[in-house]
Amino acid sequence: MKVKDLASKVGEVIELKGWVANKRESKTVAFVILRDGSGQCQCIIDVNNVGEKVFNDAKTLTLESSLSILGKVVKDERQVGGYEIHATDLKIIQVAEEYPIAKKEHGVDFLMDQRHLWLRSQRQWAIMRIRNTIIFGIHQFFQKEGFIQMDAPIFTGNACEGTTNLFETDYYGQPAYLSQSGQLYGEAMAMAMGKIYTFGPTFRAEKSKTRRHLSEFWMIEPEMAFYDIFQNMDLIESFLNEVIQKVIDECEVELGIVGRDLTMLEKSIAPFQRLTYDEAVEIITGKQKVNGVNTIDTLNGDLKSKEEEKAAILAEIEEREAKINQQGIKKGERNFNMNKVAQLKNSLKDVEEDLRNIPEWIASATNFTYGEDFGGSDETVLTRMFDTPIMVYDWPHEVKAFYLKRNPEDERFARGVDVLAPEGYGEIVGGGERETDVEKVKAKIIEHELPMKEFEWYLDLRRYGTVPHSGFGLGLERLVAYVCKLPHVRETIPFPRMYGRLFP
Ligand code: 4AD
Ligand code: MG
């Protein structure tokens, strides 16, 4: 029996197997919150129902001890999950050693070191279930649309996304790189199958600690024969709309646990704002207003409200610390306030980070040089002005990948498209229409100083029945971070690999 299925068993005696997520007890009753992977449920172990021996066993249960419990299912709306077990028997599988993750606020570095255990906590459980729903939704969408899922190799002889962040390995005495993207192989597959998608791990040696970068991340890369950039954008839009809608429909509990405000998320299920690079730059630099305001005034307004927020947090910390230091304060109330203060101090850190960041965003928006790629702050500034994701297309060809097609009406621009998520999440999708002319691709390979020999097979795709085609890559972890509104991608993948972390 699983906690998620209790609704169908009200009034019956069932057995649950799981772990102790929490416990409190009085002289005659123990309350155990049992988690079994499918959910959590309060179990009431009353000495009058289970007898002296079992009750004494229950008293030895520590956090994360494993057990099986027999009892009657009772409906109780006030309890987590809405049901309760009135125990009649209990078998301990193991009494756990003192659990390192306590019921209080821990620092992130500590929790990352305990990732193998941290995954058990309710918030991580919710994030992983949302990730799972997103993955399933992605497959559903593409399968329904007639795409064939195919796998690109991980060991590759060529760079897809530039040579600066390659992981090099020794492949029987010759260098090979861990794949940065399955795209080039995806193009070959699309010429065989029409519409395909790859879904696999990709690797980038990103020697910087940002909240958006992992060294190993999962990417979904559809590639479609006979699609131009505009059909590509239509597909991106309906794809993201459907996947996000599925999460909202199916993950109400999980979104609640991570504290996601749905009003903003729901607004992203709509046609996306489409801007050319030129239009986007006008907005970033404040020359073009959006709904009557420009970026600089908007950011200055944000700065002011963050100052107010900081003052309010400081005042509350002071108030609660005074309470903690009061003489004769009850232990429970003291602990409660200490936990609150720890939470407030975390919020304070966030606000202070914003207060440091916003002036930098204002400066970088003001000083943006036309022709450059967008940095994280440019993306943040631009997305701050809209509720929906934004698709920026037609980029200066110099800043984009070698494989992109030029806009036939204006060769200065390459037909790339980036999707920028709202609420400061930045680029979640990169894609575009591909160059089909063999000579133009060759020229770009030379310009990017890539080894021509390794790309001969790729050039063949332009020699034998070349057709217009497009595709894109969605970073799974970035989408999960945005959907859950997490401060960092490290919580979106079971065991993150990023600069400075390989453990556990
Ligand atoms: O924009 P990128 O580099 O595009 C490509 O790799 C194309 N070949 C995709 C294609 O057209 N088939 O990467 C695509 C997406 C980004 O938008 C981002 O979401 C994610 O992959 N991404 C990362 N996610 C986490 N950590 C990193 N270091 C990432 N680098 C890219
Ligand atoms: Mg990109």
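So if each residue of separation counts as 0.36 nm, and I subtract the Cα-Cα distance between Ser347 and Leu459, what length gain in nm does that give?
Extra length available between Ser347 and Leu459 comes to 35.1 nm.
Relative to the longest principal axis of the chain, what angle (0 to 90°, nearest 10) does the C-alpha long axis of helix 331-366 take?
10
How large is the accessible surface per residue of the chain, computed with a 1.4 Å probe and reported in Å² as a whole number?
With the other protein chains kept in place, the chain gives 48 Å² per residue.
Residue-wise, which Karplus ³J(HN,Hα) couplings in Hz belong to the stretch 409-416, taking 6.51 cos²θ - 1.76 cosθ + 1.60, θ = phi - 60°, and x for glycine or proline?
7, 8, 5, 5, 10, 9, 7, x
Taking amide hydrogens as modeled 1.01 Å from N in the peptide plane, which residues meet the under 5 Å criterion relative to Thr276, leaving out close sequence neighbours?
Under 5 Å from the amide H of Thr276 lie the amide H atoms of Tyr393, each far enough along the sequence or on another chain.
Can you give me the Cα centroid spacing of the stretch 302-368 and the stretch 171-211 in angstrom?
With the stretch 302-368 and the stretch 171-211 each reduced to a Cα centre, they are spaced 42 Å.
Could you rank the peptides 481-493, 22-34, 123-135 by their average count of other C-beta atoms within 10 Å per residue, with the highest value first? Before the final figure, lay out each step's value.
Numbers: 481-493: 21.9, 22-34: 15.7, 123-135: 19.2.
For the peptides 481-493, 22-34, 123-135, the packing ranking is 481-493, 123-135, 22-34.
Give me the distance in nm between label points sitting 7 Å out from Cα along the Cα-to-Cβ direction at Asn291 and Asp5, one decimal.
Rounded to a tenth, the inter-label distance reads 4.7 nm.
Mind checking the dipole of the chain: about its Cα centre, +1 per Lys or Arg Cβ, -1 per Asp or Glu Cβ, Debye to the nearest 20?
My answer is approximately 1940 debye.
Using a Förster radius of 22 Å, what is the FRET efficiency between Glu411 and Lys442 based on their Cβ-Cβ separation? Nearest 0.05, please.
0.85
Farthest toward the dipole's positive end in the chain, which of Gly475, Gly107, Gln273, given Cβ charges of +1 (Lys, Arg) and -1 (Asp, Glu) about the Cα centre?
Gly107
Taking Cα atoms, how many degrees apart are the long axis of helix 122-144 and the longest axis of the chain, rounded to 10 and kept between 0 and 90?
Once rounded, one gets 40 degrees.
In Å, what Kirkwood hydrodynamic radius results for the stretch 3-94 from the alpha-carbon pair distances?
Hydrodynamic radius (Kirkwood, Cα only) of the stretch 3-94 equals 12.7 Å.
Need one number: nm distance between label points at Lys144 and Gln245, each 7 Å from Cα along Cα→Cβ, rounded to one decimal.
My value for the distance between the label points is 0.7 nm.
Rg/Rh for the stretch 298-360 to two decimals, with Rh computed the Kirkwood way over all alpha-carbon pairs.
With Rh from the inverse mean 1/r over Cα pairs, Rg/Rh is 1.14.
In Å and from the alpha-carbon atoms only, list the Rg and Dmax of the stretch 231-385.
21.0, 69
Any idea how far the Cα center of the stretch 107-133 sits from the one of the stretch 449-504, in Å?
23
Using mean Cβ contacts within 10 Å as the protection proxy, how do 222-232, 425-435, 68-78 order, highest first?
My ranking of the peptides, most packed first, is 425-435, 222-232, 68-78.
Hey, any idea what the orientation-averaged projected area of the convex hull of the stretch 437-491's Cα atoms comes to, in nm²?
So the Cα hull casts an average projection of 6.1 nm².
Let me have the 222 nm mean residue ellipticity of the chain computed from DSSP H runs of 4+ only, each contributing -39500 (n - 2.57), with the sum over all residues rounded to the nearest 500. Show your work: numbers first, answer last.
Working: 15 runs with 201 residues, N = 504.
Value at 222 nm, helices only: -12500 deg cm²/dmol.
By how many degrees, between 0 and 90 and to the nearest 10, does the Cα long axis of helix 47-59 differ from the longest principal axis of the chain?
60
Among Lys23/Lys323; Lys2/Lys23; Lys209/Lys442; Lys267/Lys349, which pairs are too far apart, with a Cα-Cα distance over 23 Å?
Violating the 23 Å limit, Cα to Cα: Lys23/Lys323; Lys209/Lys442; Lys267/Lys349.
Do any of Lys59/Lys340; Lys9/Lys59; Lys246/Lys310; Lys207/Lys246; Lys104/Lys310; Lys310/Lys485 go past 25 Å between their Cα atoms, and which?
Lys59/Lys340; Lys9/Lys59; Lys246/Lys310; Lys207/Lys246
How much of the accessible area of the chain, in percent, comes from carbon and sulfur atoms when a 1.4 Å probe is used?
About 51 percent, which is the carbon plus sulfur part of the accessible surface.
Based on the Cβ-Cβ distance of Ile154 and Lys91, what FRET efficiency does E = 1/(1 + (r/R0)^6) give at R0 = 45 Å, to the nearest 0.05?
So, using R0 = 45 Å, E works out to roughly 0.50.
Would you calculate the separation in nanometres between label points at Leu303 and Lys53, each defined as 7 Å from the Cα along the Cα-to-beta-carbon direction?
Taking the simple label geometry, Leu303 and Lys53 are separated by 7.3 nm.
Suppose we keep just the alpha-carbon trace of the chain; what are its Rg and Dmax in angstrom?
Spelled out, the Cα radius of gyration and Dmax of the chain are 26.8, 85 Å.
The values are calculated or read from the model by the stated rules, or taken from the named source; none is laboratory data. Everything numeric here is computed off the predicted structure, so don't read it as measured data. No Cβ is skipped: glycine too gets one built from the backbone with ideal geometry, and neighbour counts run over all protein chains shown. Protein only, heavy atoms only, side chains kept; ligands, DNA and RNA dropped before computing areas. Shrake-Rupley method; radii C 1.70, N 1.55, O 1.52, S 1.80 Å.
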